[in-house]
Amino acid sequence: MAPCYGVILRRRGHNGGLAVGKTKANKGKASAPRSDGLDLSWMEIEQRGPWDSHAEPSRSGLTLAEISKGAYGEMPDQSDNMTGRPRGAVAREDSFRIGGYEVREKKEIWLENAALLYEEALQRQWSSATDVPWDTVQQLPDDIEQAQCQLATFLTEVEFVAGDVPAKWIAKTTPDYFEARLILLAQVMDESRHMDVFRKRALANGGGLMQRTGGTSGIVGSIDMSRDFTEMSSRLHVSGEGAVLSIFRMGELMAYNDAEKHIYRLCAQDEARHVAFGVMHMRYMNDTAPERREEIHSYLDESERGLLVGQTNPAALQSPTSEAMAIMLGGGRDHYDEGMRRLMAIRKRQVREYMQRVRSSGFGERFENGRSSPELLKYAQAA
């Protein structure tokens, strides 16, 4: 193929793909005035990354890890990028400011293995329309159907919040930390799917949406008004979504057909990624900004109070949704006491998994020094 305007196409090795490279003749030379009216000065820029580097697909395909080479994989600890410039691209002096990027320090949002977490999100997408066997939903006793619909109503409500809150931080984060932004974009898609799948369950079997619990009032007040990303993530990812993840993992105990089993399994795999984001970010923050440890402990103090009592956790005490869960777990209103006994097992699992996440994040001393709630520790120690 003939060269075109100083660029040649070269056939790559074993995979037969094409790569683009500058000709030696034109590299570094200033462009002479052209008779055809083309500028082409953009072809003479001094690139930040090496021109002749090639990204080789791994066994997982061409992932973000394979293209994060040299200068393209380097990210600043503090970013001055206010123009939306992609990381690794050459800046333009006449660019307008287009982003009100509040998150411009790496420690404010970063996590190790960010690219890997995003790739997993891509590979594990599913459809609420076709990946759930809706034909297995059969008529249920009225009390159990009402309980299913009450839980589905609650989850529809909270998944709105779980998508809305992270979405705010996408536009606030500099493109230099685009991997974290991609994870948040994937989370918004996940939560949208959760919202619609639980709404579908409420309407799929002759029931319908039940009463709004009000559980998101506290969530919106404390999480949505978070002053920075770390505060939001510790409240939402580590505490709030972690509690819901424990319920999803034990969802088969409340499932009466294969459709409901599939819903809980699929939602659990998504929630696990969201929780992992929070845990890995808190771990990174703990390593890079130890001066914020006491502040983060205060967020955990508040989260622990809502884990056992209140409307924000569907398995907590004094919650209409916990009554619905007990009816499903026991097999009907007549077996409510048995259902409450099983619900207690879910609460214990929530507490133990929460403590495991906090320890993994680097804040586990709160369970040893008396900082954590004594009531919380009782659940963890119960047989």
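The values are calculated or read from the model by the stated rules, or taken from the named source; none is laboratory data. As the structure is a prediction and not an experimental result, all values here were calculated from the model. Positions of Cβ are backbone-derived with ideal geometry, glycine not excepted, and every protein chain shown enters the neighbour counts.
Name every residue in segment 38-65 that is under 20 Å from residue 119 (Cβ atoms) and surrounded by 10 or more Cβ atoms within 10 Å (Cβ to Cβ), in order of residue number.
Residues satisfying the conditions are 54, 55, 56, 57, 58, 60, 61, 62, 63, 64, 65.
Which residues, counting only those in segment 112-137, are part of a loop (DSSP other than H, G, I, E, B), modelled with pLDDT of 95 or more and either surrounded by fewer than 16 Cβ atoms within 10 Å (Cβ to Cβ) or not aromatic (Phe, Trp, Tyr) (or both)?
Across segment 112-137, the qualifying residues are 124, 125, 127, 128, 129, 130, 131, 132, 133, 137.
Of all residues in segment 285-308, which are under 22 Å from the mean Cα position of the chain (by Cα) and modelled with pLDDT under 90?
Listed by number, the residues that qualify are 302, 303, 304, 306, 307.
Would a scan of segment 192-200 turn up a residue that is under 22 Å from residue 355 (Cβ atoms), assigned to a helix (DSSP H, G or I) and β-branched (Val, Ile, Thr)?
No.
Condition (residue is among the hydroxyl-bearing types (Ser, Thr, Tyr) and under 22 Å from the mean Cα position of the chain (by Cα)) applied to segment 69-86: is it met by at least one residue?
Looking through segment 69-86, none of the residues is among the hydroxyl-bearing types (Ser, Thr, Tyr) and under 22 Å from the mean Cα position of the chain (by Cα).
Residue by residue, here is whether (1) under 15 Å from residue 223 (Cβ atoms); (2) surrounded by fewer than 23 Cβ atoms within 10 Å (Cβ to Cβ); (3) touching a residue at least 60 places away in the same chain (Cβ under 8 Å) holds:
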site	(1), (2), (3)
265	no, yes, no
269	no, yes, yes
276	no, yes, yes
283	no, yes, yes
288	no, yes, yes
291	no, yes, no
304	yes, yes, yes
307	yes, no, yes
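Can you tell me which residues in segment 70-86 are assigned to a loop (DSSP other than H, G, I, E, B) and either of a type outside the set (D, E, K, R) or in contact with a Gly (Cβ under 9 Å, 6 or more places away or on another chain) (or both)?
74, 75, 76, 79, 81, 82, 83, 84, 86
Sort out which residues of segment 293-302 are within 24 Å of residue 322 (Cα to Cα) and crowded, with 16+ Cβ neighbours inside 10 Å, and write them in order of number.
Hit for segment 293-302 is 300, nothing else.
State which residue pairs qualify: first residue more than 11 Å from residue 281 (Cα to Cα) and inside segment 232-244, second residue outside any helix (DSSP H, G or I) and among the hydrophobic types (A, V, I, L, M, F, W, C) in any location, beta carbons under 8 Å apart, and separation of 6 or more residues or different chains.
As it stands, the answer is 243/315, since those pairs meet every condition given.
Answer yes or no as to whether residue 150 is buried (at least 20 other Cβ atoms within 10 Å of the Cβ), of a type outside the set (A, V, I, L, M) and either at pLDDT below 95 or farther than 28 Å from residue 51 by Cα (or both).
yes
When you go through 277, 248 one by one, which is the residue that is part of a helix (DSSP H, G or I) and touching a Cys at 6+ places or on another chain (Cβ under 6 Å)?
Of 277, 248, the one residue that is part of a helix (DSSP H, G or I) and touching a Cys at 6+ places or on another chain (Cβ under 6 Å) is 248.
Considering only residues that are of a type in the set (A, V, I, L, M, F, W, C) and in contact with a Gly (Cβ under 8 Å, 6 or more places away or on another chain), which ones fall in segment 87-133?
98
Taking segment 138-175 on its own, how many of its residues are over 16 Å from the mean Cα position of the chain (by Cα), in a helix (DSSP H, G or I) and under 20 Å from residue 209 (Cα atoms)?
16
Does residue 329 meet the test of being hydrophobic (A, V, I, L, M, F, W, C), in contact (Cβ under 8 Å) with a residue 40 or more places away in the chain and either more than 22 Å from residue 257 (Cβ to Cβ) or not in a helix (DSSP H, G or I) (or both)?
no
Filter segment 203-229 down to the residues that are more than 12 Å from residue 165 (Cα to Cα), in a helix (DSSP H, G or I) and either acidic (Asp, Glu) or at pLDDT 95 or above (or both) and list them by number.
Answer for segment 203-229, where residues must be more than 12 Å from residue 165 (Cα to Cα), in a helix (DSSP H, G or I) and either acidic (Asp, Glu) or at pLDDT 95 or above (or both): just 203.
For residue 93, state whether it is in contact with a Phe, Trp or Tyr (Cβ under 7 Å, 6 or more places away or on another chain), in a loop (DSSP other than H, G, I, E, B), of a type outside the set (A, V, I, L, M, F, W, C) and at pLDDT below 95.
no
What pairs come up if the first residue lies in segment 184-207 and is β-branched (Val, Ile, Thr), the second is in a helix (DSSP H, G or I), and their beta carbons are under 7 Å apart, counting only those six or more places apart or on different chains?
Matching pairs, first to second residue: 188/163; 188/166; 188/167; 197/263.
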